[in-house]
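Here's the structure we're looking at; comments come further down.
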Amino acid sequence: MRHDHLITSKQLSRADIETVLDRAAEIADDPAAAADRHTNALLGLLFFEPSTRTKMSFETAMKRLGGNVVDMGSVESSSVKKGETLADTVRVIEGYADALVLRHPKQGAAAMASEFVDVPLLNAGDGAGHHPTQTMLDLYTIRENAGLDDLTIGIMGDLKYGRTVHSLAYALTNFDTRQHFISPESLQLPREVVYDLHQQDDTQIREHEALESVLSSLDVLYVTRIQRERFPDENEYQKVAGEYQIDLETLEEASDDLTIMHPLPRVDEIAPEIDETEHAAYFEQAHNGVPVRMALLDLLLSGGEADE
Ligand code: CP
């Protein structure tokens, strides 16, 4: 995999994805073998929005490769608060680190910031845009649980603002998939994403308002949170809040082999009673963030070569 920056899953080929997932599997099998791959390497963390999983798993990944992190900290405690631009901020921090991880509330922020730096920049979520490193751990989890070809997946919840959804949908077009999108009408996938997906030969897509119409055919159900913070109008959020919750009763029509995923955090869309079932893969999915981000960092910091 040879990319200067990772901004969107659209830039990834099937070969790129398989290279990362294969490397992540090697690391997961023998984490100790990767422990000194990047001694002294420093990863710059720039999180302009809250995060638990992405930030901490990147930090864990860099440290498990023998490196360390430099963290801008919260917006409130940084010079962003004094009015420093994103372009200036990344230009400064690239002088402190070998690669940068950026999360920002504005769609397009990572693409813009990458124009100003020479070190690799990884998009850790740009508003309602993309979240390609989440997609990598999603694909890894799908491959482990259901396989990536001849896959029937349901993607449910906030498809309009859901950056994990946008990135995953594009990445899955590299495989033979049937993608079912389940949401209220007001939170459907952006029309340009639907258009792009329809252009792909190996991808069939359908949109639904009810999970029941498709549940029994699914290998994977990918549930997402309705993201209150992205709604311009609280009244619009209230109209859809609490829709698309699943519990054990919902799953009566599901296949015994159904894998349930969620990028997390969840609010109320998956009942805790599902956590102890064989269906639940969302905590495993979050844990997969470490070997997958180790693989990404290893490949980027090694110039694309898994073994130097
Ligand atoms: N899945 C995800 O991006 O979680 P965080 O917001 O906690 O990083």
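Brief remarks follow.
Let's see how each residue does on (1) outside any strand (DSSP E or B); (2) within 25 Å of Gly44 (Cβ to Cβ):
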{"residue": "Arg143", "(1), (2)": "yes, no"}
{"residue": "Asp158", "(1), (2)": "yes, no"}
{"residue": "Thr164", "(1), (2)": "yes, yes"}
{"residue": "Gln179", "(1), (2)": "no, no"}
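- Within the range 9-32, the set of residues being closer than 20 Å to Ala286 by Cα and outside any helix (DSSP H, G or I) comprises just one member, Asp30.
- The range 241-266 - residue that is in contact (Cβ under 8 Å) with a residue 60 or more places away in the chain and surrounded by 12 or more Cβ atoms within 10 Å (Cβ to Cβ) and, of those, farthest from the ligand (Cβ to nearest atom): Asp257
- Count of the range 30-69 residues which are within 16 Å of the ligand (Cβ to nearest atom) and free of Cβ contacts under 8 Å to residues at least 12 places away in the same chain: 2
- The residue that is surrounded by the most Cβ atoms within 10 Å (Cβ to Cβ), counting only those in the range 198-233 that are in a loop (DSSP other than H, G, I, E, B) and touching a helix residue (DSSP H, G or I) at 6+ places or on another chain (Cβ under 8 Å), is Thr224.
- Qualifying residue in the range 190-197 (condition: more than 22 Å from Gln134 (Cβ to Cβ) and in a strand (DSSP E or B)): no
- Breaking point among (1) surrounded by 15 or more Cβ atoms within 10 Å (Cβ to Cβ); (2) more than 26 Å from Glu234 (Cα to Cα); (3) not hydrophobic (A, V, I, L, M, F, W, C), for Pro184: (2)
- Pair list, Cβ under 6 Å, 6 or more apart: the range 267-285 residue touching a residue at least 12 places away in the same chain (Cβ under 8 Å), other residue assigned to a strand (DSSP E or B) and of a type in the set (Gly, Ala, Ser): Ile274/Ala280
- Residue within the range 242-259 that is under 21 Å from the mean Cα position of the chain (by Cα) and either of a type in the set (Lys, Arg) or modelled with pLDDT of 95 or more (or both) present: yes
- Remark: pairs (first residue in the range 96-119, on the phi > 0 side of the Ramachandran plot; second residue within 16 Å of the ligand (Cβ to nearest atom); Cβ separation under 7 Å; 6+ apart in sequence or on different chains) = Gly108/Asp126; Gly108/Gly129.
- When Asp158, Asp202, Asp150 are screened for being acidic (Asp, Glu) and under 18 Å from the mean Cα position of the chain (by Cα), only Asp158 passes.
- Checking each residue in the range 129-160 for being away from the ligand (no atom under 13 Å from the Cβ), of a type in the set (A, V, I, L, M) and in contact (Cβ under 8 Å) with a residue 60 or more places away in the chain picks out Leu139, Ile142, Ala146, Leu151, Ile153, Ile155, Met156, Leu159.
- As for the range 287-297, it holds no residue that is more than 30 Å from Ala34 (Cβ to Cβ), of a type in the set (A, V, I, L, M) and crowded, with 21+ Cβ neighbours inside 10 Å.
- Single match in Ala146, Ala111 (criterion: within 30 Å of Ser255 (Cβ to Cβ) and either at pLDDT below 95 or small (Gly, Ala, Ser) (or both)): Ala146
- The single condition among (1) under 25 Å from Glu115 (Cα atoms); (2) within 16 Å of the ligand (Cβ to nearest atom) that Leu86 does not meet is (2).
- When His104 is tested against (1) away from the ligand (no atom under 16 Å from the Cβ); (2) touching a strand residue (DSSP E or B) at 6+ places or on another chain (Cβ under 6 Å); (3) not hydroxyl-bearing (Ser, Thr, Tyr), only condition (1) is not met.
The values are calculated or read from the model by the stated rules, or taken from the named source; none is laboratory data. Note that the coordinates shown come from a computational prediction; the quantities given were computed from them, not determined experimentally. Cβ: placed from backbone, ideal geometry, glycine included. Neighbour counts: every protein chain shown.
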